[in-house]
Every structure is written in structure tokens, then in C-alpha cells.
1. When the chain is fully extended, how far beyond the present Cα-Cα distance does residue 72 get from residue 91, taking 0.36 nm per residue of separation?
2. Calculate the spin-label point distance for residue 113 paired with residue 40, positioning each point 7 Å from the Cα along the beta-carbon direction, and give it in nanometres.
3. In percent, how large is the relative contact order of region 20-121, given Cα pairs closer than 8 Å and 6 or more residues apart?
4. Could you work out how much longer the chain between residue 101 and residue 32 gets when fully extended? Use 0.36 nm per residue separation minus the Cα distance between them, nm to one decimal.
């Protein structure tokens with residue numbers, strides 16, 4: 001399945017929402033069962049999970065996300081839109097970008113509150 005994410009002129013996927021660097025514990029189902037990894041950034045529309053074994057682009061995954069301000073984790077469905085294989089020679093984090101799918105209003109509101117709170121608490125990146 002082809003990557004359908006919008007591209008820039010240099011053929012890199014464009015982001016639909018600003019991503020914030022923040023580690024967050026995430027579990028997701030694979031054919032081998034549930035795996036727990038760290039998401040290294042989050043936005044209102046998706047996350048990037050740091051893993052040495054990313055799922056193929058187009059894979060649909062069930063995610064269980066634990067937000068620090070929530071008493072209980074909640075589940076979401078997402079689709080892998082980018083996979084970065086593990087390469088010790090590369091200067092990139094291995095993992096997969098997952099776009100949230102079919103998020104109900106309550107979960108979307110929780111994600112938006114969390115991302116907005118993070119944005120307010122994190123320092124502004126240095127301007128170049």
C-alpha cells in the first residue's frame with residue numbers, strides 16, 4: 001500500500017498538526033500480541049512510536065495510550081503512515097508515524113487538552 005500522506009516538494013510527508021516532543025507510554029497490538037513502546041512525539045492527529053520493528057506503512061493498529069492526566073488509559077485506532085527502519089548508521093530515530101483514525105469526540109477532546117497543555121508548558125524552541 002502506498003503512503004498517501006501529503007508530500008512537500010522534496011517528497012517528504014507534510015504534517016497536518018504540529019508535533020510536540022514528549023515521551024508517552026503506548027501499547028499496540030501486533031500479530032504477536034501487545035507490545036509496549038515509547039511514543040516520542042504527539043499531536044492532535046497522531047504519534048510517532050520509537051521502535052526497532054516498525055509495522056509496514058498502511059498497517060492498522062489498535063493503540064492503548066496512557067495520558068499522565070488521565071486515571072485510565074484509552075484505546076484508539078491508527079494507521080501507520082510512515083515507517084523508519086532501524087539503521088545504526090542513520091541519524092534518525094527508528095519507528096513509525098501513526099495517524100489516528102475514527103477518534104470519537106470525547107477522546108479527541110482529551111488528546112487536544114493534553115497537547116494544548118503540553119504546548120503551554122514546554123519551552124519555545126530556539127529560533128535559527
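1. Working: separation 19, 0.36 × 19 = 6.84 nm, distance 3.52 nm.
Residue separation times 0.36 nm, minus the Cα-Cα distance, leaves 3.3 nm.
2. 3.0 nm
3. Working: 210 pairs, mean separation 26.0, N = 102.
About 25 percent, as a whole number.
4. Numbers: separation 69, 0.36 × 69 = 24.84 nm, distance 2.23 nm.
22.6 nm is the gain from fully extending residue 101 to residue 32.
No value in this document is a laboratory result; all are computed from the given coordinates. Everything quoted here is computed from the prediction, not taken from an experiment. No Cβ is skipped: glycine too gets one built from the backbone with ideal geometry, and neighbour counts run over all protein chains shown.
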